[in-house]
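The values are calculated or read from the model by the stated rules, or taken from the named source; none is laboratory data. Remember, predicted model here, so these are calculated numbers, not experimental data. Neighbour counts are summed over all protein chains in view; Cβ atoms, including those assigned to glycine, are modelled from backbone coordinates with ideal geometry. What goes into the accessible areas is simple: the full protein's heavy atoms, side chains included, and nothing from ligands, DNA or RNA. Shrake-Rupley method; radii C 1.70, N 1.55, O 1.52, S 1.80 Å.
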Amino acid sequence: MATDRWTERLAARAAERRAQGLWRQRRTASQAPRLDFAGNDYLGLAGDPRLAEAMARGARRFGAGGRASHLVCGHRDVHEALECRLAELTGRPRALLFSTGYMANLGTLQALCEPDTRLFQDRLNHASLLDGATLSGARSRRFHHGDLGDLERLLARAPDAAPKLVVSDGVFSMDGDVADIPGLAALSRRHGAWLMIDDAHGLGVLGERGDGCVGRAHGEEEVPILVGTLGKAFGTAGAFVAGRQELIDHLIQFARPYVYTTAQPPGVAAATLRALEILAAEPERRARLARLIARFRAEAAGLGLPLAASHTPIQPLVLGESQRVMAWAARLDARGIDVGAIREPTVPRGQARLRITLSAAHADDDLERLLEGLAECQAAEASAAAEATP
């Protein structure tokens, strides 16, 4: 039967992935006390009671759900207020809410690109940008990570009359490094291309006001399309695209993931507005985060840990092999410490790593526990190697 053939096909794919040591396990988070060095709650706002209360007030006022899409009857004044506040934060004329960052990237690329568009993406861009390129049907090329020379060569080969769009993460989610925004902007202008930056991991953390690695430092003339997410540093959920009026009007008309999706729950929008108030009123959160990053890197260097060059909250400990990464993650897990165990295909083969993320909510003792756990992993590995030596 056809059903049996499908079941056999799925079972074969599952067996293949298990044999490769790449099977992903979903774990249900408990309320038991654990240290979270795996999430993206960079400012420690996800558990802030002020956001929970704002969300509850929003739900009591507007109801729990969005009821319909923004274009039907789901767009409330709390959504409008949030879009205005996000535009102000990033120094753009307008902003448009999406339900997730993935949808924002899919919708923007699908709406802007046509078959004659030439699309140029950094090789390490987030999966949502790569998938958006596929959905758009545009001719897409990927340049070497952070290599402006490679990008210029690709741009120079594109037909002059073709619409061109350069796309990059702002902060790369697996490596924690920051794109060369001025270099990308200058190169895009020189070749008549628009520049789109997804600043999911920079917004709230970088910039003078937490406006990210783009924000007000690089206006809409440099970066016409700015994407940001709300479920990381802001501690809530959703995403937005910011830019000029014509861009937002176009997305409202043609971005299918926006047009055909129920609006964000209004309580979430209310909580995000509260998060933006806290971001402005409590700059000490970002200052503490910067101190934690500097201390972690200094002490990790003292231990000889192979950290990648990142000065953002994303601190990748590149161990190389998947089995090694899983062994370190399991040892930390036994100590009540959660870290991201990242393997292929999320990162290239041979670059498996522990993705350690820091938060302003971490206490000094939390950092000590993490460093002690990492030192224990080193010691256990050295001991096993010594025992295996004849």
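Below, the figures for the structure above:
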quantity	calculated
Relative packing of peptides 311-320, 115-124 - highest average C-beta neighbours within 10 Å first	311-320, 115-124
³J(HN,Hα), Karplus 6.51/-1.76/1.60, whole Hz, each residue of the range 282-293, x for Gly, Pro	10, x, 5, 4, 5, 5, 5, 4, 4, 5, 4, 4
Signed unit charges on C-beta, dipole axis of the range 1-93, positive-most listed residue LEU10, HIS70, THR28	LEU10
Three-way shape label, the range 6-66, alpha-carbon gyration tensor, a/c 1.5	oblate
Under 5 Å, built H, 5+ apart or other chain: amide partners of ALA341	ARG355
For the range 93-164, size of Cβ-based charge dipole, Lys and Arg +1, Asp and Glu -1, in debye	40 debye
Under the Debye formula (equal points on every Cα, no solvent term), log10 I(q)/I(0) of the range 231-278 at q = 0.17, 0.18, 0.26 Å⁻¹	-0.63, -0.69, -1.00
Degrees between helix 245-254 axis and first principal axis of the chain (Cα, 0 to 90, nearest 10)	80 degrees
Theoretical gain in end-to-end length, ARG189 to ALA309 [0.36 nm per residue, Cα-Cα removed]	40.3 nm
Heavy-atom accessible area ranking, 1.4 Å probe, most first, across GLU246, GLU387	GLU387, GLU246
Estimated distance in nm for a label pair at ALA64 and ASP249, the labels positioned 7 Å out from Cα along Cα-to-Cβ	4.0 nm
Per residue accessible area in Å² of the chain, where ligands, DNA and RNA are left out and the probe is 1.4 Å	47 Å²
Positive-end residue of MET103, LEU279, PRO313, charge dipole of the chain with Cβ unit charges	MET103
Estimated 222 nm signal from helices in the chain, with DSSP H stretches of n ≥ 4 weighted -39500 (n - 2.57), rounded to 500	-14500 deg cm²/dmol
Distance from the range 305-378 to the range 101-129 (C-alpha centre basis), Å	30 Å
Nearest-0.05 FRET efficiency for ALA19 and ARG331, computed from C-beta distance (R0 22 Å)	0.40
ALA375-ASP131 pseudo-label distance in nm [points 7 Å out on the Cα-to-Cβ vector]	4.2 nm
Heavy-atom accessible surface of the chain: percent carbon and sulfur, 1.4 Å	53 percent
Assigned charges on the beta-carbon of Lys, Arg, Asp, Glu; the chain dipole about Cα centre (debye)	860 debye
